[in-house]
Amino acid sequence: MRKPPFLFTKIPFPALFLLLVFSLTFQVISQNLDAERSILLDVKQQLGNPPSLQSWNSSSSPCDWPEITCIDNIVTEISLSYKTITKKIPARICDLKNLIVLDVSYNYIPGEFPDILNCSKLEYLLLLQNSFVGPIPADIDRLSRLRYLDLTANNFSGDIPAAIGRLQELFYLFLVQNEFNGTWPTEIGNLANLEQLAMAYNDKFRPSALPKEFGALKKLKFLWMTEANLIGEIPKSFNNLSSLERLDLSLNELNGTIPVGMLTLKNLTYLYLFCNRLSGRVPSSIEAFNLKEIDLSDNHLTGPIPAGFVKLQNLTCLNLFWNQLSGEIPTNISLIPTLETFKVFSNQLSGVLPPAFGLHSELKFFEIFENKLSGELPQHLCARGTLLGVIASNNNLSGEVPKSLGNCKSLLTIQVSNNRFSGEIPSGIWTSPDMVSVMLAGNSFSGALPSRLTRNLSRVDISNNKFSGQIPAEISSWMNIGVLNANNNMLSGKIPMELTSLWNISVLLLDGNQFSGELPSQIISWKSLTNLNLSRNKLSGLIPKALGSLPSLTYLDLSENQFLGQIPSELGHLKLNILNLSSNQLSGLVPFEFQNEAYNYSFLNNPKLCVNVGTLKLPRCDAKVVDSDKLSTKYLVMILILALSGFLAVVFFTLVMVRDYHRKNHSRDHTTWKLTRFQNLDFDEQNILSGLTENNLIGRGGSGKVYRIANDRSGKIFAVKMICNNGRLDHKLQKPFIAKDEILGTLHHSNIVKLLCCISNETTSLLVYEYMENQSLDRWLHGKKQRTLSMTSLVHNFILDWPTRLLRIYCPRVCLYNKGERED
């Protein structure tokens with residue numbers, strides 16, 4: 001009998017069996033990978049073969065592709081974020097039967113909610129930052145295993161379907177910044193496993209109360225509903241949110257009081273309710289020992305600050321500003337060991353300040369302005385060396401500025417205007433290395449101006465005090481000073497030539513002092529100067545001609561001095577909004593540019609001044625004053641030339657208008673318009689063109705007109721900006737213009753108005769935007785009030801770099817960010 005081959009005679013039967021099983025398994029896996037590769041390549045083709053997916057090919061395993069994750073050689077995750085995809089997600093993707101994660105965020109994917117409800121094992125779905133439109137499918141609960149859903153920054157609209165409340169595995173739900181216009185579904189309260197819920201920046205929702213059903217979310221840690229058109233009171237059921245760590249309901253229309261039970265939640269860490277209409281007293285029962293940040297600002301809260309805040313031994317930020325709080329500041333608040341930010345400005349607080357502020361914690365921001373506080377500033381505000389700002393203006397504080405602040409190297413600003421402080425300013429304040437602004441106006445400070453300032457100091461206001469002495473020659477070292485206000489003091493001596501070398505100065509106010517002598521005749525570096533006020537001094541001599549060479553000067557006040565001689569004709573070159581040369585000893589002819597009624601009060605109490613035109617309340621010049629008939633003849637000829645030039649200009653302008661009228665009519669009637677879409681539209685170019693009438697005109701700007709146009713079909717309102725030119729668009733400018741429009745059309749952000757489309761022809765471009773009523777960038781940067789420069793605006797102007805500002809876009813709130821004010 002023939003023997004079997006050597007291989008089989010040497011391998012035991014169990015091992016041979018395992019080898020056969022492994023071989024069959026490998027074959028099955030290989031066949032499965034081939035099938036999934038085929039599916040993915042088909043998906044790539046339907047996505048338009050984007051260059052970002054060039055690694056997807058038929059010669060490699062899909063498990064080796066960067067965008068694919070496999071478990072046991074089975075595709076379980078597809079990550080296509082930031083791949084510049086502009087096509088719809090194909091339903092073919094659900095042929096991957098084990099797909100768990102699908103991430104297509106940060107692309108330009110259009111159309112309605114993708115056809116992926118057959119992806120039965122899907123647990124993570126990320127569609128954020130795309131161009132999706134339409135409603136969320138009413139049967140979204142077909143994705144029964146879904147645990148994570150993020151639809152942020154799209155154009156989804158309609159109602160949020162009740163079916164979302166049947167996704168029992170969901171722990172993360174983000175529906176931020178869309179076009180939803182229904183109401184908040186109470187069914188969300190059925191999501192027993194939900195931990196993160198964010199529905200902020202959906203201001204098109206119908207005004208709705210917070211669903212009391214949300215109080216059943218026992219595992220909820222994070223609730224973010226900023227600017228969600230919420231009204232009514234905070235439900236008492238929110239007292240049951242035992243796991244809640246962060247609550248942000250800011251920028252809504254809530255009213256009533258804060259449920260006391262909320263402030264006893266043991267896990268609560270961040271509480272943001274600012275800019276609502278909450279009223280009543282601040283609850284005294286506060287036992288949320290993990291609470292780190294409280295922001296109840298910009299409401300209608302009354303009564304005292306609760307002493308119970310001392311129980312919050314982890315509190316870092318307490319913002320109670322813009323309310324109607326009264327009474328004294330509880331002493332024990334200054335004992336909280338973690339307190340960094342204390343902002344209670346714009347209330348009715350009284351009494352003395354607790355002396356221990358800064359002694360027990362690393363205090364950074366201390367803002368108490370616009371109250372009725374008295375006594376002295378705490379001596380230990382910078383005891384830990386971390387203090388960034390003291391803003392205590394508009395109180396009844398007295399005494400001297402603590403000497404310890406002179407040794408505070410971290411200090412960025414000190415603002416104590418309009419109090420009853422006295423004495424000299426600690427010298428270290430002027431030289432603190434990072435100091436940006438020193439605001440001391442309206443007190444009784446004394447002493448001399450410092451000879452040296454820190455290089456970062458850009459704003460100094462010492463007006464209405466008792467500073468004395470001369471301006472030091474070392475003032476030339478104040479190179480970064482932009483605003484210097486020293487009016488109404490007792491400064492004296494000459495204006496030194498060194499003062500004119502401050503190249504960065506824009507506002508210089510030295511009025512109401514005792515300066516004497518002549519002004520420097522050579523003004524070297526005041527190219528940025530816009531406001532100059534030297535009135536109510538004892539200055540003499542001639543007005544320097546060099547003032548007429550300052551390109552930015554719009555405000556000039558030299559009144560109530562002893563200036564002599566003629567007004568330099570060079571001043572006529574300036575574009576002055578305010579000019580006051582009254583109460584001097586000036587003589588001769590007023591420059592022709594000022595001989596009109598706008599300057600009726602600019603030359604009072606100068607009896608030797610005269611004019612050639614009778615529009616000013618000054619005498620006519622005679623031969624003795626002018627000293628020659630030649631000057632009168634010169635001005636007469638100039639008037640005739642100007643009159644003739646004006647007549648010719650009117651004729652020329654009329655001809656140009658007639659020509660442009662015919663050209664525009666011809667262009668509108670006969671020129672082909674091109675429509676470039678950036679969003680899904682329910683109108684065409686004719687809907688827009690027919691609305692370009694004077695009745696719809698709402699504004700004019702340097703680059704064109706703005707119209708408010710209603711869509712007859714849908715009733716939606718659009719803002720249309722018309723940009724016209726008299727000839728064809730320059731080819732070099734056309735490409736950047738179109739490129740910028742395309743970029744704006746793809747951006748989705750709560751602080752950027754949506755660009756819907758561009759309609760253009762050879763001579764005109766129409767930019768069609770989503771219409772937004774009464775909004776501006778200034779509102780978001782500076783808030784509603786403009787009186788006091790708060791640490792917030794200081795941080796924005798001098799501290800926050802661009803990465804930090806970008807971080808603000810995605811973070812619901814940081815402690816340093818609020819609607820602080822500035823003093824202009």
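Quick note: the coordinates plus some simple rules give every number you see, no bench work behind them. Keep in mind it's a predicted model, so treat the numbers as computed, not measured. So basically every Cβ, Gly included, is an ideal-geometry build from the backbone, and we count neighbours across all protein chains shown.
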Taking amide H positions as placed 1.01 Å from N in the peptide plane, with prolines and chain starts having none, which residues 5 or more places from N605, or on another chain, fall under 5 Å of its amide H? S583
Along the stretch 99-112, what does the Karplus equation 6.51 cos²θ - 1.76 cosθ + 1.60 (θ = phi - 60°) give for ³J(HN,Hα), rounded to whole Hz, x for Gly and Pro? 5, 10, 10, 10, 10, 10, 6, 6, 10, 10, 6, x, x, 7
Which stretch or stretches of the stretch 470-502 have amide N atoms under 18 Å from the point lying 7 Å from A448's Cα along the Cα→Cβ direction? 470-478, 489-499
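Can you give the Rg to Rh ratio of the stretch 183-304, both from alpha-carbon atoms, with Rh computed by the Kirkwood formula?
0.93
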Please list, in chain and number order, the residues 5+ apart from G423 or on another chain whose amide H is under 5 Å from its amide H, with Hs placed from the backbone. S446
I'd like the FRET efficiency for S285 and N193, computed as 1/(1 + (r/R0)^6) with the beta carbon distance as r and R0 of 51 Å, rounded to 0.05. 0.95
Is there a pair in K97/K219; K266/K292; K292/K364; K236/K266; K466/K494; K372/K409 whose C-alpha atoms are over 20 Å apart, and which pairs would that be? K97/K219; K372/K409
Which ³J(HN,Hα) values in Hz, rounded to whole numbers, follow from the phi angles of the stretch 196-201 under the Karplus curve 6.51 cos²θ - 1.76 cosθ + 1.60, where θ = phi - 60° and Gly and Pro get x? 10, 10, 9, 9, 6, 6
Would you mind calculating the relative contact order of the stretch 448-624 from Cα pairs under 8 angstrom and at least 6 residues apart, reporting the percent as a whole number? 13 percent
Separation between the Q514 and N605 pseudo-spin-labels, each 7 Å from Cα along Cα→Cβ, expressed in nm? 2.0 nm
Among the stretch 560-603, those whose backbone N falls under 18 Å of a label point 7 Å along Cα→Cβ from S549 are 568-575
Please give the FRET efficiency for T302 paired with K212, using the beta carbon to beta carbon distance and R0 = 25 Å, rounded to the nearest 0.05. 0.45
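Trypsin sites (Lys or Arg not before Pro) within the stretch 216-308: which are DSSP loop residues with at most 13 other Cβ atoms inside 10 Å?
Sparse-neighbourhood loop trypsin sites (Lys or Arg not before Pro): K218, K266.
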In cubic angstrom per residue, the convex hull of the stretch 448-624 built on its Cα atoms measures 98 Å³
In whole Hz, with x marking every Gly and Pro, tabulate ³J(HN,Hα) for the stretch 75-88 from phi via Karplus 6.51 cos²θ - 1.76 cosθ + 1.60, θ = phi - 60°. 5, 10, 9, 10, 10, 10, 5, 6, 10, 6, 7, 10, 10, 5
Starting from 0 in steps of 10 Å, tell me what percent of the Cα-Cα pairs of the stretch 419-534 lands in each bin. 14, 50, 32, 4
On a C-alpha basis, how far is the centre of the stretch 552-572 from the centre of the stretch 472-538 in Å? Whole number, if you could? 15 Å
Binning at 10 angstrom from zero up to the longest distance, how are the C-alpha pair distances of the stretch 390-464 distributed in percent? 21, 59, 20, 0
So what's the gap between the Cα centers of the stretch 384-413 and the stretch 87-132, to the nearest angstrom? 56 Å
List every residue whose amide H lies under 5 Å from the amide H of G327, counting only residues 5 or more places away in sequence or on a different chain, with H placed 1.01 Å from N in the peptide plane. S350
